[in-house]
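Heads up, the thing below is written out as structure tokens.
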Amino acid sequence: MSEPKTKGVLYLVATPIGNLQDITFRAISVLQEADWILAEDTRVTGKLLAKYEISTKMISYHKFNLKRQNKTVLSFLESGNRIALVSDAGTPIVSDPGYELVNLAIDLGCDVVPIPGACAFLSAYMASGFGNEGFYFVGFCTKFDKKLLEIDVPLIFYEAPHRIISFLKKLLDFFGDRKVVIARELTKLHETFYRGNLADFVGNSDGLMIKGEFVVIIDGCKDEASYDDAFILRELQKEIDKGLSHKEAIKQICLNFELKKNRVYSLSLQLK
């Protein structure tokens, strides 16, 4: 009687987010012993493999080809291969392709093994000073859901350098002037943390170096008492300047900051 076929293993391997020394011994061992490495960009991963003298063959695996590549990878797993999935930097699946493959591997009966390591948003959060009572990871975000306004823990976003200034303005317009920590070039030579309020950077972005990937962390929502009258008046005026009527502006501010209508209406009389 023939031996039952052994299913392969899918490893999810965290790689450095900048400094190539930020990789675990276990990650190096898994990459060395894997039959194939799925790399988002083989040129980027190739530099890491060269540094640690890893000769494992790579397969290009990114959002534009994953549908096709999933079939190939599943056939490898069915044949008992050990597959290591990496992203260009940091922890796989976090704002990167691969979750579909994870589910397919699970359905196939394969072991899915996480190999932890560097993660950009966790690194930024550790040094943010926002406390340790939790956070809400959003990642890359092009459209804000109103539910985000209700979250009372820090919100964490990713953003690219060419969009960072417009993104900060969108944050200010949507969330109001909240406390913010902006981290760039994490673990690299020019790692920088900028701290202040959103309005500080939207009104004066000259001191913000527009280079490298960004992690942006803003404070969660506060109770109504935390919004002073001057802040509400500024937000009202912004909405009116956009072309809204006083009535529409009042409604919008109440929605944005969960404020009582009577308070906002009373303040709005100062603008007439």
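A few remarks follow.
- When the strands (runs of 3 or more DSSP E) confined to segment 75-181 are screened for residues that are over 30 Å from Ile232 (Cβ atoms) and open to solvent by 60 Å² or more (accessible area, probe 1.4 Å), those reaching at least 1 such residues are found at 82-86, 111-115.
- Test: residue in segment 233-250 that is under 16 Å from Ala124 (Cβ atoms) and either open to solvent by less than 60 Å² (accessible area, probe 1.4 Å) or in a loop (DSSP other than H, G, I, E, B) (or both): no
- Residue pairs whose Cβ atoms lie under 6 Å apart, separated by 6 or more positions or on different chains, with the first residue in segment 188-205 and more than 19 Å from Gly220 (Cβ to Cβ) and at pLDDT 90 or above and the second surrounded by 16 or more Cβ atoms within 10 Å (Cβ to Cβ) and not aliphatic (A, V, I, L, M), are Lys188/Gly18; Glu191/Glu185; Thr192/Arg184.
- Qualifying residue in segment 218-230 (condition: surrounded by 13 or more Cβ atoms within 10 Å (Cβ to Cβ), farther than 30 Å from Cys119 by Cα and among the basic types (Lys, Arg)): no
- The sole residue among Ser2, Ser55 that is more than 26 Å from Val215 (Cβ to Cβ), of a type in the set (Gly, Ala, Ser) and at pLDDT below 95 is Ser2.
- Flag if Tyr125 is hydroxyl-bearing (Ser, Thr, Tyr) and within 21 Å of Glu258 (Cβ to Cβ): no
- Where a residue in segment 23-37 is surrounded by 20 or more Cβ atoms within 10 Å (Cβ to Cβ) and its partner, wherever it lies, is charged (D, E, K, R) and assigned to a strand (DSSP E or B), with Cβ under 7 Å and at least six apart: Ala34/Arg82
- Scanning segment 38-55 for residues that are over 18 Å from Pro92 (Cα atoms) and without any contact (Cβ under 8 Å) to a residue 24 or more places away in the chain, we see that the one that is most open to solvent (accessible area, probe 1.4 Å) is Glu53.
The values are calculated or read from the model by the stated rules, or taken from the named source; none is laboratory data. In this text the structure is predicted, and so the values were computed from the model without any measurement. Cβ sites come from the backbone with ideal geometry, for glycine too, and all protein chains shown count toward neighbours. Ligands, DNA and RNA are stripped out before the accessible areas are found, and what is left, the full protein with its side chains, is counted by its heavy atoms. Shrake-Rupley method; radii C 1.70, N 1.55, O 1.52, S 1.80 Å.
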